[in-house]
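Okay, so here's the structure we're looking at.
Every number in this text was worked out from the coordinates using simple rules, so none of it is lab data. Here the structure is a predicted model, which means the values were calculated and not measured. Positions of Cβ are generated from backbone atoms using ideal geometry, with glycine treated the same way; all protein chains shown enter the neighbour counts.
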Amino acid sequence: MQLDERKVKILQAIIRNYLETGEPVGSRTISKYTDLNLSSATIRNEMADLEEMGYIVQPHTSAGRIPSDKGYRFYVDTMLQEKDKELEELKEMMIDREDKMDHLLKQVAKLLAVNTNYASMISAPAVHRNKLKFIQLSRMNENQLLAVIVMEGNIIKNNILPVSENLDDETILKLNILLNTHLNGLALEEINLGTISVLKQQAGIYSDIIGEVMDAIAEGIKAEEDLQIYTSGANNIFKYPELADNQKASEIINAFEEKQMLTELVHDRLSDEENTGIQVYIGNESPIQTMKDCSVVTATYELGEGMRGTIGIIGPKRMDYDKVIGTLKTITHQLDDLYRKDKT
C-alpha cells in the first residue's frame, strides 16, 4: 500500500497536532485540522490504513493515534527535502538579488550626490524585528553539526556547532522537530527564557546543543556587523567655504570612509519606531559628533518583509532643504516601486 496525497496530509496533520498538544489525535480533530473536507468516518479508514502501514500507533483502546518512529521519520525526511529545495532556491535568488541590490544602492548614492551637490549615504536593507522561518540541523562530521537558520527577508545564516559525541539520524531529526515546532515564526524579542527552558528540558542530555543554536539565532538576527553602507560625494564638502576648513573637512571625510558613525546613525534611525519618515538634524542636533557644522537629512525606505534601510544627505546648514527633502521622498518611492515590480 502506497502513501497517496490524502494519507500524507492526514499523517502530517496527526504529527503536527501531536507535537503541539502531546495528546493522542482522533479523527474528529483531524477533520477540523486539515483542508481535505473529509468525514470522520473516511478519516478513520485512512488512519486505520496508516496504522496498518506502521506510521501511527494507538497507545490504548478507544484512544486517538500518535506517530510511530516510522511516522516521525517520514515526516522529517519529507520536511527536510522540502526545506533543502527551498534553501537552494533561496540561495540562488538571494545571490542574484544581492548583486542587483549592491549595484542599485551604489547608483542611488551617486545619483543623490550629483543631484544635490552634497554628500550622500544609503544603507543596505536590514530586517527589522526579524522572524525565524525555519532551522535545519545536519551532521558535518562526528564532532560538528551544521545549523542553517533562515529568517524573514530570506536571510540565511550557517553556523557550525561543536558536539561532544556523534549524533545519530534519529536524534538529529528529533532536535529539528523540537526546534522548528517551538521557534518557527517567532522574532528574537519573542524568544524568552521560558521558551528556552522548555526547549532545553525537552532536549534532555542535548540541552547544550539547544543553547548553541539559540546563540547562533541571536547572532544571525542581530547581524549588526553585516550592515553595508554606500557613500558618494564626500568631496562635495569642499565646495562650501564654511566646511572647507582642513580639520572640519578631514573629520567629515573620515566619517564617510570609516563608516562607524554612519552605522550608528543607521541603527538609531531603524530602531526609532515613532519617526520613520524624513528627519532633519541641524548643527548641534546631528547625532554624528563630527558633523555639528552640517545638516543631516535622513529618510527610511522599506522593501517589504520587514526590510528597511536609511538614506542620508549631508551638507552645510544652508543646504536647499526643499530640494533635499523632495529628492529623498522621490527616491524612497522609487525604491518601493522597484521592489514591487521585482516581486511581480
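Return the subset of Lys131/Lys174; Lys32/Lys70; Lys259/Lys329; Lys9/Lys157 for which the Cα-Cα distance in this structure is over 27 Å, preserving the input order.
Details: Lys131/Lys174 22 Å; Lys32/Lys70 25 Å; Lys259/Lys329 24 Å; Lys9/Lys157 30 Å.
With Cα atoms farther than 27 Å apart: Lys9/Lys157.
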(request) Please work out the FRET efficiency for the pair Ser250 and Gln2, using the Cβ-Cβ distance as r and a Förster radius of 56 Å; give the result to the nearest 0.05. (result) 0.15
(message) For the pair Arg318/Asn45, report the inter-label distance in nm, with labels modelled 7 Å from Cα in the Cβ direction.
(response) 8.8
(message) With +1 assigned to the C-beta of every Lys and Arg and -1 to the C-beta of every Asp and Glu, and no other charges, what is the dipole magnitude of the stretch 132-224 about the Cα centre in debye, to the nearest 20?
(response) 180
(message) In whole Å, what are the extents of the stretch 5-67 along the principal axes defined by its C-alpha atoms, from largest to smallest?
(response) 27, 24, 19
(request) First select every other residue whose beta carbon is under 15 angstrom from the beta carbon of Glu52; then total the charges, Lys and Arg +1, Asp and Glu -1. (result) 0
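Note the per residue figure in Å³ for the convex hull of the C-alpha positions in the stretch 100-253.
Enclosed volume per residue, from the Cα hull, is 155 Å³.
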